[in-house]
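Below is one structure, written out as C-alpha cells, with a few remarks after it.
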Amino acid sequence: MEYETVIGLEVHVELKTRTKVFCSCPTTFGAKPNTQVCPVCLGLPGVLPVLNEKAVEFTIQAALALNCQIAGFSKFDRKNYFYPDMPKDYQISQYDLPLAAGGHIDINLSGENKRIRIKRLHLEEDTGKLLHSDDLAAAASSLVDFNRAGVPLIEIVSEPDIRSPEEARLYLNKLKGIIEYTGVSDVKMQEGSLRCDANVSLRPKGAKEFGTRTEIKNMNSFRAVQRGLEYEVERQKKVLESGGKVLQETRHWDETRGITVSLRSKEEAHDYRYFPEPDLAPLVISREWVQEIRHLLPELPAAKKARLIEVYRLPEYDAEVLTSSKALGDFFDATVASYPEAKTVSNWMMGELMKYLNARNLEIGEIPLTPGLLADLLRLIDQGTISGKIAKTIFEEMCSTGQPPEKIVQEKGLVQISDEGAIARVVEEVIAGNQQSVADYRAGKEKALTFLVGQVMKVTRGKANPEAVNRILREKLQS
Amino acid sequence: MKISTEMVEHVAWLARLAITGEEKEQLSAQLSRILDHMDKLNELDTTEVEPTFHVLDLRNVLRKDEARPGLTVEAALDNAPEREGNLFKVPKIVEG
C-alpha cells in the first residue's frame, strides 16, 4: 500500500530578553551553574511571579512576523508534571487562550510555493537543565542547573500540513530565518535557543483520517530533524506493512545510533491537569498596543526578497538564498552599498562564500570576512590587478584571516602580470619549448592553443592576464 | 459523578502521593461528592455570564525587563538535600 506522511512540528524558541519571564534574574547564556537564580525561579514557597513586559512584546512581534492573529485577551495556566527540571513541579504556560493563533509560513518546494499553517503560538517558561555524567546508564543521579528555568520561551505549533521530512526541514529553516529577522531570539539550535519536536503519522494515500502518531524528541540540529523524521517514517511504514499497529508514544531520536527509541506511553505522561495560574493577572492586548509593536518590526524575509528582485533584478533563486538568513541579507546590502554590481556580489556570495561556509559548517557571522573586504576584492578584479581565478584564492584567505585583499596580493606576490613585454618573453619561451603543439595549432587544431595558454599560465603561476596571453600567443603563432 | 478507586489511584500517581487502600475508598467517596456538587452548580444557566478568569479584577500586571541580583550560589543550594559542586543532585530520572 502507498502511504502518505503527515507531520506537525512544535518549535520552541527562547526569547532574547535581558531577564527571565516571571522574575528579574538575568538570562546570560553560558553562565556558571545556578548563578542566575532567585526564590521565584527556584519555586520557593510564598513567592509571586510578575510578567516581563518585553517577553510579551517579543512574543507578539514573533507572532506578527508569522502572520498570526493576536488575541485580545490571554491568560496563563499551570501545566503540572513531576520532573526535576521544574522546581515548582509545574510549568507556567498557556492552555486555552494563547497569545496568538492562526498564522502561516510559505516554503519553497522545488520552485512551488507551499503554505504551512500555524495553529497557535504561546508564551511559557523554559525549564532547568539536567546534566548527566558521560556514562548515562551507570550514573545513579542527575545534576540540575536552574539558570535556564524561567527563561521566556515561545512555542509555535504547526497544523499537520507537512508531508515529508524535507518539507519539515524547509519549514524549520524558514521559521528560523523569520524569527532571526525580528531579532527576538538568537535561534541557535546548537545552543538550544531553537528546539524542535515533531508529531509523525502515516495514512493510506487518499485517506481523510489521520493515522496514530508518535512524538519525536531530541532532534538537535537541522540534519537531525530530517534524519530523525526519515527514520521514523520508515519505521512506521514497516510496522504497518507487517500488519502491526503504531503505538501512540513519545520517541527519542538517538543521533549516534541513527534510530528513534520509545520513551514512555503518551496518554499517561500528557495528563498535565492544566488549570488557570492564579498568581498572574490576565492580559488584555489592545489593538493600539499591537500596532505599536507592528511598527517595531524590521523588513522581513519575504519583503526583502521582493526588494532584491525588484531593485537589483536578481533571479528569484538568488534572492531566496540571500534572504534565508538575516546575516546573509545584511551582508549583501552592505556590500552592494559600496560595490553596486549586485549580480556580481550575488554570484560571489552564492558561489565562493557559501562553498567556504558549508565546507566548514560555519555561519557568516563566524568568519572575519566583511562586506568592505569583498567590495575591495571585486574592485581589484575590475582594475585588472588580479585575475578572477587568483581572486578565489585571495577570497579564501580573506575568509580565514580577515586581511585586506591588497595586503594578501602583496604578501603572496599575486599581482596579475599585465606587462606585455614580460608576457611576450614567457610566450616565446613556451613556443620554443613546445614545437609539436605549435605545429598542431598551425595545422588547424584550435585545442593546441588552449594547451599553450595553459603552459604560459603555469610558468607565471596563474598570474598572467589571461586576455593578454591569448592575444600575444595568437600574434606570435601567426607571424 | 462517580470517581472510581482506579481513578483515585491514577491521580494519586500523577501527583506522586502514596495513599493506603482505606484512603482510596474514602477519597473516592469524597471526590465523587465534590463533583456531584459541581453538577449541581452546572444546572445554572450561565450562557450570559462572562467567565471569571481571575478572582481579582486586575489586568496587565507587568514589569520592565531590568535585571536585579538574585541569590548567591551558596544561598541557592543551602537547602538542597544533596549537591555536587554548584549543582543540585537528584535521584536519576532518565527514562526509557
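A:LEU380 - would you say it is farther than 17 Å from A:LYS463 by Cα, of a type outside the set (S, T, N, Q) and either assigned by TED's automatic domain parsing to the domain that holds A:VAL336 or modelled with pLDDT under 90 (or both)? So that I can check it myself, show each step before the final result.
On the way: farther than 17 Å from A:LYS463 by Cα: no; of a type outside the set (S, T, N, Q): yes; either assigned by TED's automatic domain parsing to the domain that holds A:VAL336 or modelled with pLDDT under 90 (or both): yes.
Spelling it out, it is not the case that A:LEU380 is farther than 17 Å from A:LYS463 by Cα, of a type outside the set (S, T, N, Q) and either assigned by TED's automatic domain parsing to the domain that holds A:VAL336 or modelled with pLDDT under 90 (or both).
Residues are listed down the side, and each one gets a yes or a no for (1) assigned to a helix (DSSP H, G or I); (2) more than 48 Å from the chain's Cα centre (by Cα); (3) in the same structural domain as A:ILE381 (by TED's automatic domain parsing); (4) more than 18 Å from A:SER387 (Cα to Cα):
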| residue | (1), (2), (3), (4) |
| --- | --- |
| A:ARG425 | yes, yes, no, yes |
| A:GLN436 | yes, yes, no, yes |
| A:TYR441 | yes, yes, no, yes |
| A:GLY454 | yes, no, no, no |
| A:LYS458 | yes, no, no, no |
| A:ARG461 | no, no, no, no |
| A:VAL469 | yes, no, no, no |
| A:ARG474 | yes, yes, no, yes |
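Within the stretch A:79-93, restricting attention to residues that are away from every other protein chain (no Cβ under 12 Å) and open to solvent by less than 30 Å² (accessible area, probe 1.4 Å), the residue that is nearest to the chain's Cα centre (by Cα) is A:SER93. If you check A:LEU263, A:LEU247, A:LEU300 for being open to solvent by 70 Å² or more (accessible area, probe 1.4 Å), of a type in the set (A, V, I, L, M, F, W, C), at negative phi and in contact (Cβ under 8 Å) with a residue 24 or more places away in the chain, only one passes: A:LEU247. Among the residues of the stretch B:43-90, those that are small (Gly, Ala, Ser) and more than 7 Å from chain A (Cβ to nearest Cβ) comprise B:ALA75, B:ALA80, B:GLY85. Among the residues of the stretch A:12-27, those that are more than 9 Å from chain B (Cβ to nearest Cβ) and surrounded by fewer than 24 Cβ atoms within 10 Å (Cβ to Cβ) comprise A:HIS12, A:GLU14, A:LYS16.
State yes or no: is A:GLU166 touching a residue at least 40 places away in the same chain (Cβ under 8 Å), open to solvent by 40 Å² or more (accessible area, probe 1.4 Å), outside any loop (DSSP other than H, G, I, E, B) and assigned by TED's automatic domain parsing to the domain that holds A:LEU15? It would help to see each step written out before you state the result.
Numbers: touching a residue at least 40 places away in the same chain (Cβ under 8 Å): yes; open to solvent by 40 Å² or more (accessible area, probe 1.4 Å): yes; outside any loop (DSSP other than H, G, I, E, B): yes; assigned by TED's automatic domain parsing to the domain that holds A:LEU15: yes.
The answer is yes for A:GLU166.
With the structure loaded, tell me whether A:ARG213 is within 14 Å of the chain's Cα centre (by Cα) and not aliphatic (A, V, I, L, M) or whether it fails that test. No, not satisfied.
On the basis of being outside the structural domain of A:LEU473 (by TED's automatic domain parsing) and either free of Cβ contacts under 8 Å to residues at least 12 places away in the same chain or buried (at least 16 other Cβ atoms within 10 Å of the Cβ) (or both), does A:SER387 make the cut? Criteria met by A:SER387. Inside the stretch A:29-74, residues that are closer than 29 Å to A:GLU292 by Cα, within 9 Å of chain B (Cβ to nearest Cβ) and of a type in the set (A, V, I, L, M, F, W, C) make up a count of 5.
Could we say that A:THR323 is at the interface with another protein chain (Cβ under 10 Å from one of its Cβ atoms) and touching a Leu at 6+ places or on another chain (Cβ under 8 Å) here? So A:THR323 does not fit the description; no.
Which of the residues belonging to the stretch B:42-93 are of a type in the set (A, V, I, L, M), part of a loop (DSSP other than H, G, I, E, B) and surrounded by 11 or more Cβ atoms within 10 Å (Cβ to Cβ)? If the condition is that a residue be of a type in the set (A, V, I, L, M), part of a loop (DSSP other than H, G, I, E, B) and surrounded by 11 or more Cβ atoms within 10 Å (Cβ to Cβ), then B:VAL61, B:ALA67, B:LEU71, B:ALA80, B:ILE93 are the ones that fit.
The values are calculated or read from the model by the stated rules, or taken from the named source; none is laboratory data. Small disclaimer: the values here were computed from a predicted structure and weren't measured. Note that we place each Cβ from the backbone using ideal geometry, even for glycine, and neighbour counts take in every protein chain shown. In case anyone asks, the SASA skips ligands and DNA or RNA and just uses the protein heavy atoms, side chains included. Shrake-Rupley method; radii C 1.70, N 1.55, O 1.52, S 1.80 Å.
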